[in-house]
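The values are calculated or read from the model by the stated rules, or taken from the named source; none is laboratory data. As the structure is a prediction and not an experimental result, all values here were calculated from the model. Ideal geometry is used to build each Cβ from the backbone, glycine not excepted, and the neighbour counts take in all protein chains shown.
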Amino acid sequence: MSRPTILEAARRISERPGFEPPTPRWHATLAYMYGLPLSDADVTELAAATKRTPEAIIEHARQTIGRRRFRQLWCRIGRRGRKSATAALIAVYEANWGDHEAHVLPGEQALCAVISKDLAGASVVTKFARLYLDALGIRYSTTRIGAVQLIEIEGSQIAIATLASTSEAPRGFAICCLILDEIAHFATGDEYTDTDRSLLTAAEPAMAQFPDALVVGISTGLGRDGIHYERVERGLGNDDEREILAVTGASWEWSSDITPERAFEIAGGDADTLCTEFEGGVSENESLWMPQPDWLACNPTEAPAAAYLWNQPFMLVDFAEGGGDDLAWGIGVFGDPDPRTHYKRALPPPNSGLHSGIDIGPAVDAQGLPIILPRATRPAFRLFRVGGFEASEIRALGMGGCVAELARIAAQEGCRQIIGDDRGGPYLESMFSVHAASGVRFSYVMLTNLKHEGVLLMRRWARDGQLQIWPPSPKLRQQGLRYQRIVRGARYTYGRPNVKDDYVSLLVTLGVSLIRRATEQASDQITVTGAPLEKYRGGRVETPR
């Protein structure tokens, strides 16, 4: 096959049934990237995607014709924006027509390495690359080196490798093209292994022998940490930048697979989710477990006005958390909207000597009519008492003493059930059984890899006014405003080292326990009632409307 441009290769692929040519914005981006002529429509698309001025784009394109204009391409694009498909197209093109083979030593095999945030992402890119090679009539074979999927092109020393994010996998190979798929979701902290920076540190020496080596970072947005954010921001709107081409935009600007209306529906109206997942933006709340306005809304300065019919209270316990309180507990209750009419209570006159809790009748408005309280429209969860045992207290009491104290507090508050996670669950269940006479029992919920989903549920409740912390707990409020979400590759963890985060994790435990209950995977002993209507399906939390 004669050497095509990348757009000619894309056109040949699109001639096969089921394949589509690049969308106008991807067409313009690839044309600008690879030194191809630009139409007026291309310049318009590029000005929107790169934030550069049309005049600067035209002048730069005039200066560089027929060869790649940039050594790096960094993309921040919403979901369904054809990112993985384009990553595979670039890998196939660079492996076959990137002019890298002249710099490979005899007997050496070089790689176009596509590193995804997990094995599932790597498999998607592998599938696209194989389909494209088939459509172009290029013969190849596939093999594996450990977890690395290798596509070896017949008669070529350049192979395409797809792998999950690990800094060790690229070692030992020459890399002419490095594509970092969903890099914004790689780990970023120095305390972790296989971070975005360690991956580049491992790969860049392997690229030194190739004068035209290419780095592509392609991802949805996340927060303001990490290499992806830094390099996208370096290129956006920078007319003088010649090393990095940075593009950004919403899903529907890069693909016809999704509309703004559908994105809003999937995001459940959540502005933060809509911004990062679909609009090509970054979150201002990414480092927090819950957006500050939502968390503050859970801590009202006065009692919530809407009236509820409260169900049986229950206790949540969180054992052996690190960095401070080693055992935390809280008592909560679910409430269903009360259909009856309720009135705001009048406060006793100042200096009357009457306690503010004494009922002296309803408050009245300017016309002398009783003030009707708003009627609740959704179920709610109220956390009304929290506490914890320091490590020194646990050592003094012993675990048996702590369990006895928890059983006493639960019975005092009218709780019949204590819920915890699976950390020592069977052991604790047997210890609590000694106190069955007090009318309380202990049940535990398996929480493996579900804390992230639990936090999504808590955010949903907070935003919908279904989560109340009353009376307000200053300590819980303080922890909630500093409790961080930490990205570790494709996984999320919560809290920070050496920070007292136990009380906040009670809410995570609650959220996860109810997700498990909603999917009917929890122990059938867990019988909390009145839970807000939530379902966990397909990796996201949905609220029936």
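In segment 389-408, is there at least one residue being assigned to a strand (DSSP E or B), assigned by TED's automatic domain parsing to the domain that holds Asp421 and not hydroxyl-bearing (Ser, Thr, Tyr)?
Our first condition is that a residue be assigned to a strand (DSSP E or B); within segment 389-408, this holds for 389.
Subsequent filtering for residues that are assigned by TED's automatic domain parsing to the domain that holds Asp421 retains 389.
Those still in the list that are not hydroxyl-bearing (Ser, Thr, Tyr) too: 389.
The answer is yes; a qualifying residue exists.
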Contact list, first residue from segment 218-233 and closer than 15 Å to Ser198 by Cα, second anywhere and assigned to a loop (DSSP other than H, G, I, E, B), beta-carbon distance below 7 Å, six or more apart or interchain, is Asp225/Thr188; Gly226/Thr188
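Select, from Glu233, Glu284, Glu241, Glu277, the only residue that is touching a helix residue (DSSP H, G or I) at 6+ places or on another chain (Cβ under 6 Å) and either surrounded by fewer than 18 Cβ atoms within 10 Å (Cβ to Cβ) or charged (D, E, K, R) (or both). Please lay out each step first, then the result.
Working: Glu233 fails: touching a helix residue (DSSP H, G or I) at 6+ places or on another chain (Cβ under 6 Å); Glu284 fails: touching a helix residue (DSSP H, G or I) at 6+ places or on another chain (Cβ under 6 Å); Glu277 fails: touching a helix residue (DSSP H, G or I) at 6+ places or on another chain (Cβ under 6 Å).
Going through Glu233, Glu284, Glu241, Glu277 in turn, the sole match is Glu241.
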Suppose we keep only residues that are in contact with a strand residue (DSSP E or B) (Cβ under 7 Å, 6 or more places away or on another chain) and assigned to a strand (DSSP E or B) within segment 490-513. Which one would you say is modelled with the lowest pLDDT? Tyr492
With the condition kept exactly as written, say whether any residue in segment 144-157 is farther than 26 Å from Glu20 by Cα, touching a residue at least 60 places away in the same chain (Cβ under 8 Å) and assigned by TED's automatic domain parsing to the domain that holds Leu214. yes
So Cys415 clears everything in (1) closer than 24 Å to Phe334 by Cα; (2) among the hydrophobic types (A, V, I, L, M, F, W, C); (3) modelled with pLDDT under 90 except one condition, right? Which one? (3)
Assigned by TED's automatic domain parsing to the domain that holds Ala48, charged (D, E, K, R) and surrounded by fewer than 20 Cβ atoms within 10 Å (Cβ to Cβ): does that describe Glu261? yes
Selection count where residues are farther than 22 Å from Lys127 by Cα and surrounded by 18 or more Cβ atoms within 10 Å (Cβ to Cβ), scope segment 1-33: 6
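Name the one entry in Gly66, Gly121, Gly81 that is of a type outside the set (D, E, K, R) and at pLDDT 90 or above. Steps first, answer last, please.
Values: Gly66 fails: at pLDDT 90 or above; Gly121 fails: at pLDDT 90 or above.
On inspection, the qualifying residue turns out to be Gly81.
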Looking for something modelled with pLDDT of 85 or more and surrounded by 23 or more Cβ atoms within 10 Å (Cβ to Cβ) - is there at least one such residue anywhere in segment 434-447? yes
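I need a count of the residues in segment 193-245 that are among the acidic types (Asp, Glu) and closer than 30 Å to Leu288 by Cβ. Let's see the steps before the verdict.
Of all residues in segment 193-245, those among the acidic types (Asp, Glu) come to 194, 196, 204, 212, 225, 230, 233, 239-241, 243.
Those left that are additionally closer than 30 Å to Leu288 by Cβ: 194, 196, 225, 230, 233.
Qualifying residue count for the region: 5.
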Within segment 349-363, identify whether any single residue is touching a residue at least 24 places away in the same chain (Cβ under 8 Å) and not small (Gly, Ala, Ser), and answer yes or no. no
Find the residue count for segment 179-200, including only residues that are modelled with pLDDT under 85, among the acidic types (Asp, Glu) and at negative phi. 3
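Run down Thr53, Thr64, Thr29 and say which single residue is in the same structural domain as Ala267 (by TED's automatic domain parsing) and within 32 Å of the chain's Cα centre (by Cα). Working first, answer last.
Numbers: Thr53 fails: within 32 Å of the chain's Cα centre (by Cα); Thr64 fails: within 32 Å of the chain's Cα centre (by Cα).
The unique qualifying residue is Thr29.
In segment 197-212, is there at least one residue being closer than 27 Å to Ile175 by Cα, of a type in the set (Val, Ile, Thr) and in contact with a Cys (Cβ under 9 Å, 6 or more places away or on another chain)?
no
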Is segment 431-442 home to any residue that is within 25 Å of the chain's Cα centre (by Cα) and not acidic (Asp, Glu)? no
I need every pair where a residue in segment 36-61 that is of a type in the set (Lys, Arg) has its Cβ under 6 Å from the Cβ of a residue that is at pLDDT below 95 and not in a loop (DSSP other than H, G, I, E, B), sequence separation at least 6 or different chains. none
Restricting to segment 1-29, name every residue that is among the aliphatic types (A, V, I, L, M) and without any contact (Cβ under 8 Å) to a residue 60 or more places away in the chain. Leu7, Ala28
If you check Tyr32 against the conditions, is it hydroxyl-bearing (Ser, Thr, Tyr), in contact with a Lys or Arg (Cβ under 8 Å, 6 or more places away or on another chain) and either closer than 20 Å to Gly217 by Cα or assigned to a helix (DSSP H, G or I) (or both)? yes
